[in-house]
Structures are given as C-alpha cells and as structure tokens.
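Taken together, the values in this text are just the output of simple stated rules run on the coordinates, not laboratory data. Please read all numbers here as calculations on a predicted model, not as lab measurements. As a convention, Cβ positions derive from the backbone with ideal geometry for all residues, glycine included, and neighbour counts pool all protein chains shown.
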Amino acid sequence: MEMKAETQWIELWQGSESFKNDSHRHDHWMQATLPVKGTCAFTQENRSYALGEGSGLIQPPGANHHFRLGSGTSVIIVKVRERGAGGMEAVRPRFAGGESHDIRRPFDPDELAGRFRRWMTALMQGQALADPLAVQDVEHDVLAYMGGLVGAAPEGARSVPPKGIADPHMREALAYLHDCYDRALSVDELAGIALRSRYHFIRSFREATGVTPYQYLLKLRMDEAMNRLRRTRETVGRISADLGFSSTSQFHRAFLKSTGMTPQAFRQQ
C-alpha cells in the first residue's frame, strides 16, 4: 500500500508490505526515511542499514540509495527541496551528511504517524480547495520537522506571544491580514510585507501571535462569521462566499471545528 502527496517544496510518502525500489538519487532534495513499524532494509552509498521503528536515516542531496520493506513494515518518507525560499537552506546551509552530522536520527514513530496523517489530510484539502495558505502551512511544518531531524530547528516550547508586536513590518503584515482576510492570501505575499523569507516569517508570526498565519486567518473569518450570524439574516452561503471560502461545505467544516456547532445551530442559540 502506498500514499503520496507533493507540492513545490515537499513530498510525503508512506509505503508498506513488500515494497522495494531500485538504486536512485535526488539531486535537489533532502530525504528522511523513517520506519514507523517493523524493519526496513536500506542501502545508502553501498552501505547497508537495518532501520527499525524510530530509527531514521537522512539522505542528503545526491546520495544513492534504495530500500526494501518486508511483511508488517511501514515507512514514512519526507522529502524537502534543498534550495529556495521553502527549502532546507531556509533553516540551514547545505547539509553534508557524514561530515559534521550523523545521518542516523532517532524519532518518535507514533508522533510522526500522527503528524503524517494531519499533513496528508490538510494538504489534500488545501490542494482540492485551491487554498495556498493551507498548503503552505503544511509545507512549513514539514520543513520545521525536517530541520529538527538534522539539528537545524529543534522542536520545543515556543516563546510566549508578546502583548504588543514591536516590529513595524510584522504589524503591517497583521494589518494586511485584518484588511484582506476575506480573500485568498499566500505566505509569500505576507512575508514580503514583513520583509522576511517565507520560513522566518512563519516562525516570527507564530512567536508573535501563538498561531500560524493560516490559523490566524481562520480566526478572523470565524469571528466575522459569528458576528454576521448573530446580527444579520444573510444566508450561510452568502456569508461563506463573502469570507473567502471556496464552498459552503468548507465553511461548514471550519465553523464546526472552531465552535463545536454548525452555523445554523449557532444562529439559533
């Protein structure tokens, strides 16, 4: 069984049960091979590895590799482009596996499996709905996870959001969000206003607000939706369209997740 999703900057893949491939390389991608169940027989640059649950292996760009999965084995592969605004160079310079870094990396298989499910769901929904901010939210989370694996962006407690945002460019980006939350926005657009790279904008935004740009956008939309549901007789379809949702069903799901009730039930309470 295989599952796969990809964007301009990342690729996600999960395979299991008797899968094997031929030797190959990815010249412009960094890959992490991460067994979440069983043992994967992996060969990289003519060296063999028996990768068990929670024992990952990094494939730097250009590394020749191939692998084989036996019965009862499941592996998640995470790939991130090496260069560019959404690639690994956003969190560290060129990664040289085997020189100053150990290419063997421990990880929590249950935690990764949960992340992978969330990534796949959010990515497929974002792509189906042509929602660039939702897709870029996943790209950033995958990039941060890969950065943590190679020691570039350790996962950990985030700083407490400040009461006021001192940086004027970040304030401009937030003001723009408040003005334009009812239309499709992209991380690159917001990062340009804040004079930051895509990666550093999202990190700075989370430090300042406690949430991602996409979560912040949804909160603005939900607040306005609740206001309109309380104070007007506009249809749910009209409110959904005015707030930038691609469909009433997308709005319905977002509202239910945010408030725990449907728009109709909220209006009637």
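Worth pointing out:
- Sequence ranges 20-26, 180-186, ranked by mean other-Cβ count within 10 angstrom, highest first: 180-186, 20-26
- Kirkwood radius for the chain, taken over all pairs of different Cα atoms as the inverse mean of 1/r, rounds to 20.3 Å.
- You can think of it this way: the chain between residue 246 and residue 71 has 58.8 nm of extra reach, that is 0.36 nm per residue less the Cα-Cα gap.
- A simple packing score, the average count of other Cβ atoms within 10 Å per residue, orders the peptides 28-37, 230-239 as 28-37, 230-239, with the highest score first.
- Ordering of 83-89, 198-204 by burial proxy (mean other Cβ atoms within 10 Å per residue, highest first): 198-204, 83-89
- In degrees, nearest ten, helix 213-231 long axis to first principal axis of the chain (Cα): 30
- Around the amide H of residue 59, modelled in the peptide plane, lie the amide H atoms of 31, 32, 33, all under 5 Å away and 5 or more residues distant in sequence or on another chain.
- Degrees separating the helix 132-149 axis from the principal Cα axis of the chain, which is the longest one: 40
- Calculated log₁₀ intensity ratio I(q)/I(0) where the Debye formula runs over C-alpha points of region 168-210, q = 0.21, 0.23, 0.29, 0.31 Å⁻¹: -0.59, -0.71, -1.09, -1.20
- Estimated 222 nm signal from helices in the chain, with DSSP H stretches of n ≥ 4 weighted -39500 (n - 2.57), rounded to 500: -13500 deg cm²/dmol
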